[in-house]
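The values are calculated or read from the model by the stated rules, or taken from the named source; none is laboratory data. For clarity, every value in this text was computed on a predicted model and none was experimentally measured. Cβ: placed from backbone, ideal geometry, glycine included. Neighbour counts: every protein chain shown.
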Amino acid sequence: MTDTTLPIKPERCYTWEQWQAGRAERRRLGNLVAPAIIRRKEGPDDQRLRATYDGERGPAFNKPFDPPSTKE
C-alpha cells in the first residue's frame, strides 16, 4: 500500500459492523425517496445477461450490508 499524506482522524474509524449499520440506514432513507430496485424489465442485452446470471438480468440484490427487501 502506498503512503498517503492525507491526515486520518481516529474518530472517523469505523468497524465493519458500524459501516454495515450505517449503510443499511442510508439505504433505508434512500428507499423513502426512490424505488429500491431500479432495474429495467428488459433491454437489448437480455440474452447475454440472462445467460450470465442464471435467467436474471443481473446479480441478486440484498447484499450482506443491505436490509432485507419488503414487498408492500
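Odds and ends about this structure:
- Counted residues, the range 21-44 - those being of a type in the set (A, V, I, L, M, F, W, C), in contact with an Asp or Glu (Cβ under 8 Å, 6 or more places away or on another chain) and either surrounded by fewer than 10 Cβ atoms within 10 Å (Cβ to Cβ) or within 24 Å of residue 57 (Cβ to Cβ) (or both): 0
- Count of residues meeting criterion [outside any loop (DSSP other than H, G, I, E, B), free of Cβ contacts under 8 Å to residues at least 24 places away in the same chain and of a type outside the set (Lys, Arg)] in the range 1-59: 20
- One residue from 36, 51 being modelled with pLDDT of 85 or more and small (Gly, Ala, Ser): 51
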